[in-house]
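S.K.: I have a structure here, written as structure tokens, and I will follow up with some questions on it.
The values are calculated or read from the model by the stated rules, or taken from the named source; none is laboratory data. What you see is a predicted model; the values in this text were computed from it and never measured. Glycine also receives a Cβ, built like all others from the backbone with ideal geometry; neighbour counts cover every protein chain displayed.
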Amino acid sequence: MEPTFLDQVLDKVSQLEGGYAYGTIFGILFACGMGLPVPEDITLVIAGYLSYLENIELLTAMIVCMVGVLVGDAILFGLGRIYGKRILKLPVFRSLLTPTRLQYMTEKFQRNSRKVCFLARFMAGLRAPTYLAAGISGVKLSTFLIMDTLAAIISVPLWVYLGFYFGGEIDVAFHYMRRAERYILLALALIGAYFILKAIFGKYSSAQK
């Protein structure tokens with residue numbers, strides 16, 4: 001049977017060890033944060049897979065992944081904050097964030113910047129443009145860093161451990177990764193709905209007294 005593309009990728013990455021492996025993982029995640037069209041979550045799962053192979057340490061892999069993700073996000077946000085809409089004149093960023101999408105996201109940030117910054121981490125393909133738009137739209141640095149970090153604390157260790165746990169059946173890990181993203185978003189939506197309803201009924205009860 002012909003090896004699949006995934007088999008070929010795993011065969012290549014399985015040769016990475018030690019500092020070179022950490023550096024490669026960090027570099028890819030940093031580039032993903034800057035808009036590189038490579039699935040960030042797959043890189044995190046592969047980091048766990050390398051831990052399963054004992055090429056790197058699991059805890060260290062999680063830390064390196066966390067730093068790589070957050071640094072890339074922060075730099076993209078910072079570029080948007082420093083240069084504003086002028087940065088969209090550059091082809092790489094113009095393709096990442098169109099004026100129409102920027103206007104749409106700016107309206108979302110005005111309604112609830114914390115929610116948008118938090119949820120963006122769980123939406124592959126929307127992270128980079130959202131973080132760039134956050135900087136351009138004037139979202140507070142503290143708000144962005146706190147919400148992005150909280151979201152990363154949930155997602156990054158989860159994907160890395162998934163790759164470690166299913167290291168012997170890595171294709172299963174990618175299957176669960178795709179399903180888990182949907183379940184996480186559903187869970188977050190239900191939690192949000194709970195607090196909204198609680199606040200509404202709380203105000204209603206207070207008004208009746």
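S.K.: Which one of these is of a type outside the set (A, V, I, L, M) and in contact with an Asp or Glu (Cβ under 8 Å, 6 or more places away or on another chain): GLY68, GLY80, GLY33, GLY72?
M.R.: Every option except GLY33 fails the conditions.
Residues checked against (1) basic (Lys, Arg); (2) surrounded by 13 or more Cβ atoms within 10 Å (Cβ to Cβ); (3) modelled with pLDDT of 65 or more; (4) more than 21 Å from ILE28 (Cβ to Cβ):
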position	(1), (2), (3), (4)
ALA133	no, yes, yes, yes
SER137	no, yes, yes, yes
MET147	no, yes, yes, yes
GLU169	no, no, yes, yes
ILE191	no, no, no, yes
PHE201	no, no, no, yes
ALA207	no, no, no, yes
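S.K.: A further question on this structure: Under the condition of being farther than 13 Å from ALA134 by Cβ and in contact (Cβ under 8 Å) with a residue 40 or more places away in the chain, which residue from region 97-124 is surrounded by the most Cβ atoms within 10 Å (Cβ to Cβ)?
M.R.: PHE122
S.K.: Related question: Cβ-Cβ under 8 Å, sequence separation 6+ or interchain: first residue in region 34-57 and in contact (Cβ under 8 Å) with a residue 24 or more places away in the chain and crowded, with 21+ Cβ neighbours inside 10 Å, partner assigned to a loop (DSSP other than H, G, I, E, B) and of a type in the set (S, T, N, Q). Which pairs?
M.R.: TYR49/SER14; LEU50/SER14
S.K.: Counting only residues that are of a type in the set (D, E, K, R) and not in a loop (DSSP other than H, G, I, E, B), which one in region 126-150 is farthest from MET34 (Cα to Cα)?
M.R.: So, considering only residues that are of a type in the set (D, E, K, R) and not in a loop (DSSP other than H, G, I, E, B), the one farthest from MET34 (Cα to Cα) is ASP148.
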